[in-house]
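The values are calculated or read from the model by the stated rules, or taken from the named source; none is laboratory data. Because the structure is a prediction, the values reported are computed rather than measured. So basically every Cβ, Gly included, is an ideal-geometry build from the backbone, and we count neighbours across all protein chains shown. Ligands, DNA and RNA are stripped out before the accessible areas are found, and what is left, the full protein with its side chains, is counted by its heavy atoms. Shrake-Rupley method; radii C 1.70, N 1.55, O 1.52, S 1.80 Å.
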Amino acid sequence: MNKKTITTSKPLVKDIIFIHGITSFGASHIEICKVLTKLGYNFHLFDLPGHGTKRKEWETHKFTFNDMLNFVNNYIDTNIKNRPFIIMGHSMGGGITLATCAKYKSQIKAVILECPLTPAVYNHTEDKGKVNFKDVKINLAKYRRMLKDNWRKLRANMFKWLSKDRCFAPLLINIGQSDALDKIRKGVNSIDVPTLLIVGEKDKVIPPMATSAYLQDHINTLTTQIAIGSGHNPFADTPQQYKEFVTDFLSKVNS
């Protein structure tokens, strides 16, 4: 699947651009696409370079975070132009979503992040003593133990997860470099619109506590929801919870 925009005969409320994660593809979120389309949204799905139907591109290219970001920017410039839109992303796509926010600050009306890539994933120590844990709904003692004991295990899980898709390993390494993380930080600091963060309670790829704490410290308009029982893919692990989180948030954004 290269590109898919689903519409209905209902009046368009807002364009929603969805950005998938590493090794994934646009249609991974087809179910929420169907739900939101019925509510009058124009939901944009596409495969990032080297993903989905484009996997053979890895034979001739070694893609970077900037390649992914530039692809999304070109899509917005071509298909959205000057219209307002909502942007949402999962995992690496959440990091791309955040990086996109700086350039399109005046057009983006809301942000939805599902287990997103943030600098907190690669450097937990930057969170210690600098974030506000007051409103985080995950046990702080658990987080501290994770910082002390489990970070190597979490990082190993990320590479184990990619072991069957080794062509993506260079991209995984690249998204942890300073240039990519600086773009994500810049995007985070630019956000002043309603933002929904969905984290998986049992996520072993994107640590939920570190992610929640980092974003709460930087985004004043953040609403955090924890998908109970979910791992890294709330959209698939707990689809009903995920649907309710997204639709409830959007109903408030548009009220």
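As an exercise: evaluate residue 24 against (1) modelled with pLDDT of 95 or more; (2) among the polar types (S, T, N, Q); (3) closer than 27 Å to residue 253 by Cβ; (4) within 20 Å of the chain's Cα centre (by Cα) and give the number of the one condition it does not meet.
It is condition (1) that residue 24 fails.
Can you tell me which residue among 32, 96, 108, 86 is open to solvent by less than 30 Å² (accessible area, probe 1.4 Å), closer than 17 Å to residue 175 by Cα and under 17 Å from the mean Cα position of the chain (by Cα)?
Working: 32 fails: closer than 17 Å to residue 175 by Cα; 108 fails: closer than 17 Å to residue 175 by Cα; 86 fails: closer than 17 Å to residue 175 by Cα.
None of the other options fit; the residue is 96.
Being modelled with pLDDT of 95 or more and either basic (Lys, Arg) or assigned to a helix (DSSP H, G or I) (or both) is true for just one of 48, 69. Which residue is that?
Working: 48 fails: either basic (Lys, Arg) or assigned to a helix (DSSP H, G or I) (or both).
Result: 69 is the single residue among 48, 69 that is modelled with pLDDT of 95 or more and either basic (Lys, Arg) or assigned to a helix (DSSP H, G or I) (or both).
Could you tell me whether any residue of region 178-187 is aliphatic (A, V, I, L, M) and either open to solvent by 30 Å² or more (accessible area, probe 1.4 Å) or touching an Asp or Glu at 6+ places or on another chain (Cβ under 9 Å) (or both)? Talk me through it step by step, then tell me what you get.
Residues of region 178-187 that are aliphatic (A, V, I, L, M), as a first pass: 180-181, 184.
Then keep just the ones that are either open to solvent by 30 Å² or more (accessible area, probe 1.4 Å) or touching an Asp or Glu at 6+ places or on another chain (Cβ under 9 Å) (or both); that gives none.
No; the residues of region 178-187 include none that is aliphatic (A, V, I, L, M) and either open to solvent by 30 Å² or more (accessible area, probe 1.4 Å) or touching an Asp or Glu at 6+ places or on another chain (Cβ under 9 Å) (or both).
Please verify whether residue 158 is open to solvent by less than 30 Å² (accessible area, probe 1.4 Å) and at pLDDT below 80, treating the condition exactly as stated. Spell out the reasoning first.
On the way: open to solvent by less than 30 Å² (accessible area, probe 1.4 Å): yes; at pLDDT below 80: yes.
So residue 158 passes the test.
Considering only residues that are open to solvent by less than 10 Å² (accessible area, probe 1.4 Å) and of a type outside the set (Asp, Glu), which ones fall in region 13-29?
Within region 13-29, the subset open to solvent by less than 10 Å² (accessible area, probe 1.4 Å) is 15-22, 26, 29.
Passing the criteria: 16, 17, 18, 19, 20, 21, 22, 26, 29.
Could you tell me how many of the residues in region 41-62 are closer than 14 Å to residue 170 by Cα, open to solvent by 60 Å² or more (accessible area, probe 1.4 Å) and not charged (D, E, K, R)?
So the answer is 2.
Under 23 Å from residue 170 (Cβ atoms) and under 15 Å from the mean Cα position of the chain (by Cα): is that true of residue 65 in this structure? So that I can check it myself, show each step before the final result.
Details: under 23 Å from residue 170 (Cβ atoms): yes; under 15 Å from the mean Cα position of the chain (by Cα): yes.
Against the criterion (under 23 Å from residue 170 (Cβ atoms) and under 15 Å from the mean Cα position of the chain (by Cα)), residue 65 qualifies.
What helices (runs of 4 or more DSSP H) lie completely within region 174-255 and have 1 or more residues being closer than 19 Å to residue 85 by Cα and out of contact with any Gly (no Cβ under 8 Å at 6 or more places or on another chain)?
Details: elements: 178-190, 208-218, 234-237, 239-253.
Once the helices (runs of 4 or more DSSP H) in region 174-255 are filtered for at least 1 residues that are closer than 19 Å to residue 85 by Cα and out of contact with any Gly (no Cβ under 8 Å at 6 or more places or on another chain), what remains is 178-190, 239-253.
Return the total of residues in region 76-100 being in a helix (DSSP H, G or I) and in contact (Cβ under 8 Å) with a residue 60 or more places away in the chain.
Of region 76-100, the ones in a helix (DSSP H, G or I) are 76-80, 92-100.
If we keep only those that are in contact (Cβ under 8 Å) with a residue 60 or more places away in the chain too, we end up with 79-80, 92-100.
Of the residues in that region, 11 qualify.
Condition (residue is open to solvent by 10 Å² or more (accessible area, probe 1.4 Å) and of a type in the set (D, E, K, R)) applied to region 66-76: is it met by at least one residue?
Initial filter on region 66-76 (open to solvent by 10 Å² or more (accessible area, probe 1.4 Å)): 66-67, 69-71, 73-75.
If we keep only those that are of a type in the set (D, E, K, R) too, we end up with 67.
The answer is yes, given that some residue of region 66-76 is open to solvent by 10 Å² or more (accessible area, probe 1.4 Å) and of a type in the set (D, E, K, R).
Out of (1) in a helix (DSSP H, G or I); (2) open to solvent by 20 Å² or more (accessible area, probe 1.4 Å); (3) farther than 22 Å from residue 86 by Cβ, what's the single condition that is false for residue 171?
It is condition (2) that residue 171 fails.
Residues that are surrounded by fewer than 18 Cβ atoms within 10 Å (Cβ to Cβ) and either under 30 Å from residue 60 (Cβ atoms) or modelled with pLDDT of 95 or more (or both): does region 145-155 have at least one? Before the answer, list the steps.
Within region 145-155, the subset surrounded by fewer than 18 Cβ atoms within 10 Å (Cβ to Cβ) is 145, 147-155.
Keeping just the survivors that are either under 30 Å from residue 60 (Cβ atoms) or modelled with pLDDT of 95 or more (or both) gives 155.
Looking through region 145-155, at least one residue is surrounded by fewer than 18 Cβ atoms within 10 Å (Cβ to Cβ) and either under 30 Å from residue 60 (Cβ atoms) or modelled with pLDDT of 95 or more (or both).
Out of all the residues in region 34-50, is one or more more than 30 Å from residue 249 (Cα to Cα), out of contact with any strand residue (DSSP E or B) (no Cβ under 9 Å at 6 or more places or on another chain), of a type outside the set (A, V, I, L, M) and touching a residue at least 24 places away in the same chain (Cβ under 8 Å)?
Yes - at least one qualifying residue is present in region 34-50.
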